[in-house]
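These notes are about the structure you will find just below.
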Amino acid sequence: MNPVRILLLEKEAQDAKLVEDELLSSGLSIEFKHHSNPDNLLEIFDSFQPDIILLDYMVDSMPGLEIMTQIRKQNPRQPFIFVSWEIHESSVIEALKNGATDYIFKEQLSRLTLSVHRALREAQEQHLLDRALEELRQSEEYFRSLIENAGDIILVLDQKGIVRYASPSITKNLGYAIDDFVGKNLFNYIHAEDLEGAKYVLTGDLEKKEFSVEFRFRRADGTWRGLESLNKRVHENPGSFKIIMNARDITDRILEQEALRESILRHLKTQTELQKTQQKIIQQERIAAIGQMASGIAHDFSNALMPILGFSEILINRPESMKDLEKVKKYVEMINTSARDAMHIVSGLREFYRQKEKNENLGVMNINKTVDEAVLLTQPKWKEEASAKGVSIRVETKLEPIPEMIGNEASLRELFTNLIFNAVDAMPKGGLIQFKTSVEEGQVLVEILDTGLGMDEQTRQRCLEPFFTTKGKGGTGLGLSMVYGVIRRHDGTVDVKSKLGQGTTFLIRLPIKSAVDFEGTIVQERKPEKVCKKMNVLVVDDEARVRDVLTEYLSGDGHTVETAPDGNQALKIFGEKKFDLVITDRAMPQMSGDQLVKKIREVSPTIPLVMLTGFGELMKAKGEHPEGVDYLLSKPLTFEAYRETLARVNSAPIS
């Protein structure tokens with residue numbers, strides 16, 4: 001600890017010695033300096049910088065109070081202790097009133113040490129206080145500078161909304177003079193539509209101490225500006241508080257948001273109008289496409305019927321071929337396959353736009369077998385018909401071993417059939433059609449090549465579009481678009497390579513997937529169900545051939561069958577006998593299938609009802625299911641579908 005610097009102003013040397021001894025005897029560490037007259041006093045003060053000045057009431061001819069006044073001009077906080085012989089009480093009071101720490105009589109020097117300690121303590125406390133006050137002053141000056149130069153509006157409100165302080169930015173932002181604005185109620189300037197909310201947030205009984213609010217505020221010129229304020233409540237005492245508000249002009253942001261909102265509304269309106277226009281155009285295109293679709297249906301049915309008619313006429317016109325049972329079986333199988341492919345024609349009209357469905361009829365298949373079947377099915381077209389025109393067309397297959405995959409065999413067979421027919425049409429002078437299969441990087445690659453006329457680049461790029469055709473009125477533009485739809489629904493890809501005069505090559509890539517790869521997809525690989533329970537069945541259809549086929553199906557499995565050509569006769573027969581099942585057509589004269597179902601339900605609510613209709617596929621696609629019908633089936637009805645439905649009707653086990 002540094003020694004205490006003590007300056008003694010005392011004329012008498014003997015008294016000075018007494019003071020010094022007293023201080024030293026107290027154990028106080030001091031640096032002591034004695035000066036006997038007021039000459040050069042200020043120079044001594046500046047050089048010595050005493051912590052405490054001890055002085056007599058009179059130093060030589062100069063009063064101690066005058067000396068204290070001169071030194072206090074240089075250091076207002078300088079501690080003084082008067083040490084003098086006993087004088088009049090008024091002199092002591094005067095010295096203390098002028099700022100002396102203490103007044104010690106020389107007869108009582110024992111009090112001097114305590115008085116020195118007190119003076120040091122008070123000086124230290126005063127120093128700390130002065131420093132704190134200076135820091136506070138600097139802080140206030142700093143924050144005042146921030147507030148006065150801030151772009152934001154700073155306000156202090158009382159709990160009634162009266163403005164008690166406003167920063168200079170109130171003039172810059174809102175045009176009000178500070179003196180005119182302070183003392184006014186803030187709520188008088190807030191837009192009427194925003195007033196209730198602003199009052200509630202600013203002066204309401206809220207638990208939060210900090211909160212924000214947006215409102216419109218009237219400028220001095222009468223215009224409105226949008227303000228966003230951050231507010232803090234400061235409680236002075238119970239039941240009383242002030243609000244510190246920091247407000248910012250957000251008018252530009254509001255205008256931008258309104259402009260954006262209007263832009264979005266305009267965009268939505270334009271989009272809605274565009275969608276309506278597109279719907280009209282699509283509807284017009286659909287109406288215009290009905291003729292093309294009708295032509296396409298006829299074209300595809302002709303393709304499917306050709307093997308049926310061709311192989312059946314061979315059997316009819318060449319009786320000797322009936323002796324070759326192996327060949328007969330082969331012909332019958334091909335007729336059956338062609339008939340099944342014809343079943344897919346109606347659904348095939350949607351191939352180019354519909355997505356893969358979860359109930360897609362998929363199964364384990366071999367792509368090489370499907371290619372061979374397509375080649376055989378189309379033989380009457382590319383061989384017999386072409387030969388009759390004097391044209392030679394060869395079909396070659398180079399099929400590498402391919403692992404089994406999951407796919408829709410009928411759709412893929414129809415795909416290859418369409419490509420063969422297109423290739424034949426593109427080779428009026430004959431040529432070669434070649435199929436190649438292989439496996440590349442986990443995919444089946446099917447390459448179909450022809451040596452026909454080929455296509456230019458524009459045609460090649462558009463050949464997969466619906467209704468795009470190069471065959472004039474004879475073309476539908478559906479064939480290749482259906483090809484693309486089938487491939488897409490098998491998660492595959494197709495590339496078309498072609499040049500005029502150099503033929504065309506289709507490169508089809510299909511993923512090799514197992515059943516587990518088709519999540520939610522029904523993989524069908526069923527045998528005809530064995531029906532155990534024998535039933536009495538009523539069959540209603542206005543087509544005699546349909547009744548005959550169903551009668552053969554049912555009677556062959558041991559069921560008793562009654563038939564009716566229309567709804568009226570069906571109701572008469574139903575009233576005379578007891579039946580376990582009714583199978584009815586939908587579109588019939590006099591009474592529709594829907595009407596028949598309703599009447600039967602009135603007398604027999606629980607009897608199983610099956611509707612077999614040529615519109616079954618389209619109804620399923622649209623999600624239609626006639627009321628009262630338990631099972632909806634599509635014509636033509638396969639033996640497997642017939643047996644599966646009957647097994648579900650009588651809950652017989654499926655094997």
So, with a 1.4 angstrom probe, what is the percent of accessible area on the chain that is carbon and sulfur?
51
Taking only DSSP H segments of four or more residues, each worth -39500 (n - 2.57), what value at 222 nm results for the chain once the sum is divided by all its residues, to the nearest 500 deg cm²/dmol?
-14500 deg cm²/dmol
Could you please tell me the mean projected area of the C-alpha convex hull for region 374-426, averaged over all directions and given in square nanometres to one decimal?
4.2
Please list, ordered by chain and number, the residues whose modelled amide H lies under 5 Å from the amide H of Val59; skip anything fewer than 5 residues away on the same chain.
Gly64
Order by accessible surface, 1.4 Å probe, largest leading, for residues Glu552, Glu12 comes to Glu552, Glu12
Please report Rg (one decimal) and Dmax (integer) in Å for the Cα set of the chain.
55.0, 166
Could you tally the net charge around Ala410, taking each other residue with its Cβ under 11 Å from the Cβ of Ala410, Lys/Arg +1 and Asp/Glu -1?
-2
Peptide ranges 45-53, 25-33 listed from the most packed, as the mean C-beta count within 10 angstrom indicates:
45-53, 25-33
Packing-based ranking, highest mean first, of 533-545, 87-99 given that Cβ atoms within 10 Å are counted:
533-545, 87-99
Accessible area of Lys398 in the full protein assembly, 1.4 Å probe (Å², nearest 10):
110
Determine ³J(HN,Hα), in whole Hz, for all residues of region 612-620 in sequence, where each value follows from phi through the Karplus function 6.51 cos²θ - 1.76 cosθ + 1.60 and θ = phi - 60°; x replaces Gly and Pro.
10, 9, x, 9, x, 4, 5, 5, 5
Suppose accessible area is computed on protein heavy atoms with a 1.4 Å probe; arrange His117, His35 from highest to lowest.
His117, His35
Once the other residues with Cβ under 12 Å from the Cβ of Asp60 are scored (Lys, Arg +1; Asp, Glu -1), what is the net sum?
-4
Stretch gain in nm, segment Arg460-Leu507, where the contour uses 0.36 nm per residue and the Cα spacing is subtracted
15.6 nm
Scaled radius of gyration (Cα, divided by 2.2 N^0.38 Å) that region 49-191 gives
1.81
Per residue accessible area in Å² of the chain, where ligands, DNA and RNA are left out and the probe is 1.4 Å:
56
Give me the log10 of I(q) over I(0) for region 202-262 at q = 0.21 Å⁻¹, as the Debye formula computes it from C-alpha points; what are the numbers?
-0.87
With the Cα gyration tensor of region 527-624 giving a ≥ b ≥ c as the square roots of its eigenvalues, does the rule (a/c under 1.5 for rounded; else a/b larger than b/c for prolate; else oblate) give rounded, prolate or oblate?
rounded
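The values are calculated or read from the model by the stated rules, or taken from the named source; none is laboratory data. Everything numeric here is computed off the predicted structure, so don't read it as measured data. So basically every Cβ, Gly included, is an ideal-geometry build from the backbone, and we count neighbours across all protein chains shown. Ligands, DNA and RNA are stripped out before the accessible areas are found, and what is left, the full protein with its side chains, is counted by its heavy atoms. Shrake-Rupley method; radii C 1.70, N 1.55, O 1.52, S 1.80 Å.
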